[in-house]
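Structure first, commentary second.
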Amino acid sequence: MSLKKDRRKTGILGGTFDPVHNGHLAVAELVLNQLRLDRILFIPAARPPHKPQAAITPFSRRSAMLELALADYPRFELCSIEENRPGPSYSIDTIRQLAGQSSETEAFFFIIGLDAFVEINTWKEWQKLPKLASLVVINRYSPRSVDSAAIIPRLFSGYKEKKKGTWSTEKGNSIYFPAMEPLSVSSTEIREKIKAGKPISRLTPDRVEEYIRTHGLYRDG
């Protein structure tokens, strides 16, 4: 996907967000600043294809927590595009829908964790993703740098490393590996702490913590 200088640059950060936590916000801030994006869309998955639906907090609750978490970030936006779409929430369908709703003056940057990226060839229509959006691969859990030279050729052809952490094709498609300090927080950890009666301070925004407490979320799950 070639990138014109006058295009609005929009990041896409999808996930279950069950619940949203400070690690999600840190990733978004890093990508926003390093790639000089104009905004980032937080897209909660309605029906994640890799998780049993019964184990997920209702979409309305997860969206409400996201709205609270993003309130202090003017360039972060909640996008509920997957809420009413039937079937599993596949990333390719979401990006394709966003691209169809936008004009040619918008460029998309799909943010994905390294653990998911190395298995991207198991995703629906995964080869088409880099044609619709630049990929931004985040290594959130390890201080070690990513050996992108070993990963990229196995998954995609035609990419060359233009500078450290940035791979591109002649047509302008790009894959970025921004450097990030390790963050150990996860939604699973937060849910387990709540179930065990342990505090979650500093793991998620205060407003989200209050919402979880008020609505009694994760106590039995």
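Answer with yes or no whether Pro74 is under 18 Å from the mean Cα position of the chain (by Cα), outside any helix (DSSP H, G or I) and surrounded by fewer than 16 Cβ atoms within 10 Å (Cβ to Cβ). Yes.
Would you confirm, using the coordinates I've provided, whether Glu125 is farther than 18 Å from Gly23 by Cβ, crowded, with 19+ Cβ neighbours inside 10 Å and among the acidic types (Asp, Glu)? No. Looking for something under 16 Å from the mean Cα position of the chain (by Cα) and under 28 Å from Pro182 (Cβ atoms) - is there at least one such residue anywhere in region 2-9? Scanning region 2-9 turns up at least one residue that is under 16 Å from the mean Cα position of the chain (by Cα) and under 28 Å from Pro182 (Cβ atoms).
Can you confirm whether region 85-92 contains a residue that is of a type outside the set (Ser, Thr, Tyr) and touching a strand residue (DSSP E or B) at 6+ places or on another chain (Cβ under 6 Å)? No, region 85-92 has no match at all.
Taken as a whole, the structure leaves Gly113 outside the set of residues that are more than 24 Å from Ser134 (Cα to Cα), surrounded by fewer than 19 Cβ atoms within 10 Å (Cβ to Cβ) and in contact (Cβ under 8 Å) with a residue 24 or more places away in the chain. Residues that are at pLDDT below 90 and either assigned to a helix (DSSP H, G or I) or at negative phi (or both): does region 32-43 have at least one? The answer is no; no qualifying residue exists. Within region 169-212, the residues that satisfy the criterion of being among the charged types (D, E, K, R) and either exposed (fewer than 13 other Cβ atoms within 10 Å of the Cβ) or touching a strand residue (DSSP E or B) at 6+ places or on another chain (Cβ under 9 Å) (or both) are Glu170, Lys171, Glu181, Lys195, Lys198, Arg202, Asp206, Glu210.
Among residues of region 200-221 that are over 18 Å from Phe17 (Cβ atoms), those with a Cβ under 8 angstrom from a residue that is surrounded by 13 or more Cβ atoms within 10 Å (Cβ to Cβ) and of a type in the set (Val, Ile, Thr), sequence gap 6+ or separate chain, pair up as Arg219/Ile194. Pro88 meets the conditions (1) in a loop (DSSP other than H, G, I, E, B); (2) surrounded by 13 or more Cβ atoms within 10 Å (Cβ to Cβ); (3) at pLDDT 95 or above in every case but one. The failed one is (3). For region 130-143, a tally of residues being more than 18 Å from Ala26 (Cβ to Cβ) and out of contact with any Ser or Thr (no Cβ under 7 Å at 6 or more places or on another chain) returns 5.
Does at least one position in region 4-16 carry a residue that is free of Cβ contacts under 8 Å to residues at least 40 places away in the same chain, charged (D, E, K, R) and closer than 17 Å to Leu203 by Cα? No, the conditions are met nowhere in region 4-16.
Of everything in region 91-110 that is surrounded by fewer than 16 Cβ atoms within 10 Å (Cβ to Cβ) and of a type in the set (Asp, Glu), the residue that is nearest to Ser142 (Cα to Cα) is Glu106.
The values are calculated or read from the model by the stated rules, or taken from the named source; none is laboratory data. Everything numeric here is computed off the predicted structure, so don't read it as measured data. Using ideal geometry, Cβ is built from the backbone for each residue, glycine included, and neighbour counts are taken over all protein chains shown.
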